[in-house]
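Quick one: this structure, given as C-alpha cells, is what I'll be asking you about.
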Amino acid sequence: MKKLFEDIKKDIKFKSAGPGKKLTEETSKPVAAPSSSKQSRHAPSEGAQMAGAAALARIEQKPRPKVHTSQDAIRNQVKRELEAEAAALVEKETTLPAEGSKVKDPACLSVSGVYFTCPLTGATLTKSQREVHIKEAILMRFEEDDIEASVMMIHTFNKDREKVKAAVDIISKYVDNICKNPSEEKYRKIKVSNKVFQEKVRPVEGSREFLQALGFISVMLPVDGQEEEEEFLVLPEQSGDALELMKERRDRLQRGEPVRAKLDRQPQAFRPSPNAQRFELPSDFYNLTAEELKKEQQQRSELVERNAMLRTKAMREKEEQRERRKYNYTLLRIRLPDGNLLQATFYAWDRLPALFEFVRESLVDGWQPFELIAPGGQKLQESEEVSLVDSNLVPAALLTFAWDAAVQADIAAAGGKSPTLLKPELLEKIQTLS
C-alpha cells in the first residue's frame, strides 16, 4: 500500500501487479475525440479550467473551490484527491484475512490475479486501481476536450442510470429551448436554486461542467422581491453557427456511454503438462471476501455431512449452481492437439461466442472450423448464447480442442498439411505449468 501511495504521489503513476503499461504524465495523454476532426492544440480555455476545478470538487462532494487559472494547480489537486481514494481502496484490498484463514502462496497460483485495460490510456490495472485510474484519466481530458470529458464524467461517475437519464433530458431541454428561441434571454439563464435544477441536474456529477463547456458562466443577479442576489448560469447570445454546434454537443451528451475498464484475458500458452486440470485461483476470482468465503466453506461442509444421504440429483445440481454464482470470473484452459495449453480469464457471465472468438483469434488458422469439448464430453455450441456459468465452466475448467474432422479429411485428401496452431506471439512466451 505504501509503495502504491508513493507512486501516486510521484506522478499519478498506477503500477500494475501484472505485466502491462504504466500511466505517467507522458503516457496518459488522452486520445483525440473520435467525433471531431484533428485540430492544432491551444492552451485550455478558461471554461475548461473552470470545468476541471469543479470536477475535482465533486469527487469529494464538497462545495466548489475557487477557480484556479493554472493547469499545475488543477493537476496537483487531482493528485491529492486521487491519492486519498487510491490509498483507501488499496488498504481495503490488502486487509489481512480473518484469523485462521488460509493464505495461498502466490507462486502456486494458476494466475496472479484479475487485470483490466483502461480504454483511454491502455494501462493495465488491478481491480483496486481501475475506478480511480479512469476517473483521473477523464479529469485530465478536460485539458483536451472539455465537452467530451464532461460527457464521460456524467455517464461514468454516476451509478444511477435513471438519474443520469433525467439530467441529460433536462440539459437537452435547455439546449432545445435556446436553439428555438435564440434571442430570448430567459432561456439562456438557469437559476441555480431552481427546484428542478437542484433535484435533477446538480446532484449528477459532470452536469455543471457540461453546461460550462457549452459556454454558461456563473453570475450573481438580483431577483425580484429579494434583497440578496442569487447565482445564475448565463449563456451569452449565440450566433447561428454556435447554435448548430450546441445541437451537436447535445447529441454527444445523449449518445454518451460509461467508460469501463476492459477485462484483460491475459492469454498464456503452456507446454504439455500432467497438471493441466489443477487450478489454484486467487481471491480476485471470488464474489466474496476471504472471511465470507471461509464461513461459506464451513457451512457447506457441515451441510454436506448432514444431508449426504438425503439429497436428490436435482438438489445437488441446484446447490452446485448456487456455488458457481459466487464467482465473478473463470479461468479456462484449452488443450490443443499438440498437447500445448491455451489459458485465459473470462467473466463468469461471458457467453460461448466470446470463448470461441478468443480461441479463433489465438490461432494461426482460426478461419478453419473447430470444436470445443467441455469436461464430461459435452460439445459446446458456438451459436448458443449460453453463459459460461450456465455451461458449468466456472470457476475453472479444462476444455479439449479439436479441428472439424470432415474438413481435415478434405485437406488431407488434397495433400494439404495439418494447420499450424497458436500464433507466434503466444509461442514466444510459452511457459511450463507448475
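Given region 116-262, report the % of alpha carbon pairs whose separation exceeds 24 Å. Intermediate results must be reported in sequence, preceding the final value.
Working: 3985 of 10731 pairs.
Tail fraction, whole percent: 37.
Can you list residues whose amide H is under 5 Å from Tyr327's amide H, if they're 5+ apart or on another chain and H is modeled 1.01 Å from N?
Under 5 Å from the amide H of Tyr327: Asn287.
Follow-up. Among Asn181, Phe210, Gln238, pick out the residue whose Cα is farthest towards the positive end of the charge dipole of region 116-262, where Lys and Arg carry +1 and Asp and Glu carry -1 on C-beta, about the Cα centre.
Sorting the options by dipole projection puts first Phe210.
OK, next. Give, in nm to one decimal, the length gained when the segment between Asp160 and Asp404 is fully stretched (0.36 nm per residue of separation minus the Cα-Cα distance).
Result for the pair: 83.2 nm of gain on full extension.
Related question: Suppose R0 equals 22 Å; then what is the FRET efficiency for Asn287 and Glu385 from their Cβ-Cβ distance, rounded to the nearest 0.05? Provide the component values of the computation, followed by the final result.
Working: r = 22 Å, r/R0 = 1.02.
The formula returns an efficiency of 0.45 here.
Shifting gears a bit: Looking at region 124-203, which GluC sites (Glu not before Pro) are in a loop (DSSP not H, G, I, E or B) and have at most 12 other Cβ atoms within 10 Å?
Numbers: sites: Glu131, Glu136, Glu143, Glu144, Glu148, Glu162, Glu184, Glu185, Glu199; in loops: Glu144, Glu184.
Those that pass, being in a loop and sparsely packed, are Glu184.
Which Rg and Dmax, in Å, describe the Cα atoms of region 210-287?
Spelled out, the Cα radius of gyration and Dmax of region 210-287 are 27.6, 84 Å.
Using 19 Å as the Cα-Cα cut-off, could you pick out the over-long pairs in Lys135/Lys262; Lys135/Lys189; Lys165/Lys195; Lys159/Lys200; Lys127/Lys423?
Lys135/Lys189; Lys127/Lys423
Quote the FRET efficiency, to the nearest 0.05, computed for Gln198 versus Trp349 with a Förster distance R0 of 30 Å and r equal to the Cβ-Cβ distance.
Computed FRET efficiency for Gln198 and Trp349 comes out at 0.20.
Can you give me the distance in nm between label points at Ala412 and Asp365, each placed 7 Å from the Cα along the Cα-to-Cβ direction?
So the label points at Ala412 and Asp365 sit 1.2 nm apart.
Another question, if that's okay. Roughly speaking, what is the stretch gain from Leu243 to Ser112, that is 0.36 nm per residue apart minus the C-alpha to C-alpha distance, in nm to one decimal?
Separation in residues times 0.36 nm, less the Cα-Cα distance, equals 41.9 nm.
May I ask you to give the average projected area over all directions of the convex hull of the Cα atoms of region 326-432, in nm² rounded to one decimal?
For the Cα atoms of region 326-432, the hull's average projected area reads 7.3 nm².
Same structure again: Can you pull out the trypsin sites (Lys or Arg not before Pro) in region 148-206 whose DSSP state is coil and whose Cβ has at most 12 other Cβ atoms within 10 Å?
Loop-located and lightly packed - Lys159.
Each reported figure results from applying straightforward, stated rules to the coordinates on display, with no laboratory input. Since we're looking at a predicted model, the values are computed, not measured. A quick note on method: Cβ atoms are made from the backbone with ideal geometry, for glycine too, and the neighbour counts reach across all protein chains shown.
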